[in-house]
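Taking it in order: structure first as structure tokens, then the write-up.
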Amino acid sequence: MNPRRRGSLAGSPLLIGALTTLIIVVAVFLSYNANNGLPFVPTYDIKVALPETSGLQKANQVRIAGTRVGIISSLTPYQDPATGRITAIAELKLEKSVQPLPADTKAIVLSVSAIGLKYLELEKGTSRQSIKPGQTIPVTQVREPVDIVSLFNMFDQKTRTAIQNNTINFGDGLAARGIGLNETIATLRPLVTNAIPVLHNIAAPQTGFRNLFPALDRVASQTAPVAAANAALFSELDTFFSAWAGVAPSLEQTIAGGPAALAQATYSLPFEAPFIEKTTEFMRLLRPSASALRTVAPQLGHAFAVGAVNLHAATALNQGVAEAAQAFAAFAQNPVVTLGLEDLTQTAELGGPLLAGIAPAQAYCNYVTLAFRNVANLQSENIGIGTLARAGVVLSPNGPNAEGFPSTGPANGPSVEHEAGSSSIVDNNHVHVNPYPNVAGPGQPRVCEAGNETYIPGKAVTGNLPAASVTNNRELTSREQDLFGEKYPSATLKALGLAKGKKG
């Protein structure tokens, strides 16, 4: 036996089996991950922002000019925080041989077959700038073709029913019109003959006719977001024309009366021309007022709103006013009322001079208000447990005809009282009385004599003093003062509406 043969690889069945198993595992692993690219092979990784995945899935192919150049490694949704638009970000693993792609490269989702798998087609651009690894092809460079599924979804139940109705209506419209169609076709023959040079001109490269359909494609892509609104428009048009058909008899009657109305308008409009001219002039003159009305429109609107409520509530008031007016009319027709009014008139005439004489006592001298204030001041002496009237007894002086004793005439001296601790006599036994002081009444000097007379010692004074002997002291009160003549605090004045708040 050859010892070299015993130690060779072929001589170990266990080692051969292990190697075979390893090769099979590696082959299975490579075949399983073939769709995700071969391991340890460098790739050119970029991203594409798709408006919709359109049926794309992970591991779908990426092609350029129909040749497979990579796969889609992942698909993730993304919402733009600025616009809120949701897109799908597809991460692509491409072969290094296609790197770099131009920056204006476009992407489109296509189908392998009519009902087969999807793949992403890249259309190289012509830009000198390139897409670096990790960069994203923006959504503006992605096209969305109409696939067969979307085309078939267009023919839903409503659309199919509408097509059937259109076919029936067109058939009814063309029925029994064979001769007319033949004549129409014969008439169209010159049109077709003349249309040939026109079509040649349209097909010429100078016309740019080839750009028409890409432009229409752009228009369709721009109107796609409002497709639902356009569809709703047709639905609403159907509703409108259904209602229009329901009033067809009324429209026919209106059209039938049209000639008579037109004849009458032809006769009447010349007479209305002066009125229209004057109305135009009136509107021109009204324009400044209308412009000024805009500034007060909110207040005027509020006034109308409040006035409507008050007007509704004024109904009961109007009824009450009517009843009161009827009662007042009956009252005025009563003869006793007439006699009473005559007596009241005479009383007013007799009382007029009296009031004219008394009114200045308050209007000029403020005596009535001061009297009430002084009455309140009588009860203002605080004694700890309440208040006491501030009043005291003053004895009249002694002497002949003194005021405190029976007398034969007004007290006019001599006096008999002495000053305390002195032998000199106090000359105070003289009466001072003014029963009707001057209060700026009719024929009186404008002085407030009561309480303001000058005391003249050693002489009896009865009646009015000369105006020069009366002090000019008009003790007036106001709403800003209390009963004691003291001014209210600022908060009280503001609450009474006597002080204006600070402007904001």
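The values are calculated or read from the model by the stated rules, or taken from the named source; none is laboratory data. All values derive from a computational prediction rather than experimental measurement. All Cβ positions, glycine included, derive from the backbone under ideal geometry; neighbour counts span all protein chains shown. Surface areas here come from the heavy atoms of the whole protein model, side chains and all, with no ligands, DNA or RNA. Shrake-Rupley method; radii C 1.70, N 1.55, O 1.52, S 1.80 Å.
Express in Å², to the nearest 10, the accessible area of S423 obtained by rolling a 1.4 Å probe over the protein heavy atoms while all chains stay in place.
Taking all protein chains as shown, S423 has close to 100 Å².
Probe 1.4 Å, all protein chains in place: accessible area of I86 in Å², nearest 10?
Per-residue accessible area (I86): approximately 110 Å².
Tell me, what is the 1.4 Å probe accessible area of M283, in Å² to the nearest 10?
For M283, solvent-accessible area is about 110 Å².
Need the list of aspartates and glutamates near K58 for cross-linking: C-alpha distance under 18 angstrom, and skip anything on the same chain fewer than eight residues off.
The qualifying aspartates and glutamates are D45, E91, E95, E121.
In square nanometres, what is the average projected area of the Cα convex hull of the stretch 174-248?
Values: hull surface 37.4 nm².
In nm², the orientation-averaged hull projection of the stretch 174-248 is 9.3.
Roughly what would the spin-label model give for S250 and V416, points 7 Å off Cα along C-beta, in nm?
12.0 nm
Quick one: give the max-minus-min coordinate of the C-alpha atoms of the stretch 221-298 along each principal axis, largest first, in Å.
Cα extents, longest axis first: 51, 45, 26 Å.
How are the C-alpha pair distances of the stretch 234-374 spread across 10 Å bins, as whole percents from the shortest bin up?
With 10 Å bins starting at 0, P(r) equals 8, 10, 10, 14, 24, 12, 7, 6, 9, 1.
Run the count for the stretch 68-187, please: Lys pairs, Cα-Cα under 27 angstrom, 8 or more apart or on different chains.
The result is 13.
Kindly report the accessible area of the stretch 289-328 per residue (heavy atoms of protein chains, probe 1.4 Å, no ligands, DNA or RNA), in Å².
Values: 3300 Å² over 40 residues.
Computed with neighbouring chains in place, this is 82 Å² per residue.
Report, to two decimal places, the Cα Rg of the chain normalised by 2.2 N^0.38 Å (N = number of residues).
Values: Rg = 58.3 Å, N = 504, 2.2 N^0.38 = 23.4 Å.
My calculation over the Cα atoms of the chain gives 2.49.
May I ask you to give the solvent-accessible area per residue for the stretch 331-478, in square angstrom, as obtained with a 1.4 angstrom probe?
Numbers: 10120 Å² over 148 residues.
For the stretch 331-478, the per-residue accessible area is 68 Å².
Scanning the chain for helices, which whole DSSP H stretches are 24 Å or more long along the axis (Cα) and average 1.6 or more by Kyte-Doolittle?
Numbers: long enough: 13-32 (28 Å, 2.30); 157-174 (26 Å, -0.83); 178-203 (34 Å, 0.74); 227-246 (29 Å, 0.72); 258-333 (63 Å, 0.38); 335-363 (39 Å, 0.64).
Sorted by number, the helices that extend far enough and score high enough are 13-32.
Measure off, as a whole percent, the carbon and sulfur share of the 1.4 Å-probe accessible area of the chain, all protein chains present.
On the way: 24220 of 38160 Å².
After summing per-atom areas, the C and S share lands at 63 percent.
Could you work out the longest stretch of the chain that avoids the chymotrypsin sites (Phe, Trp or Tyr not before Pro) located in DSSP loops with at most 11 other Cβ atoms within 10 Å? Show your work: numbers first, answer last.
On the way: sites that count: F40, F155, Y455, F484.
With chymotrypsin sites (Phe, Trp or Tyr not before Pro) excluded where exposed in loops, the chain gives 156-454 as its longest stretch.
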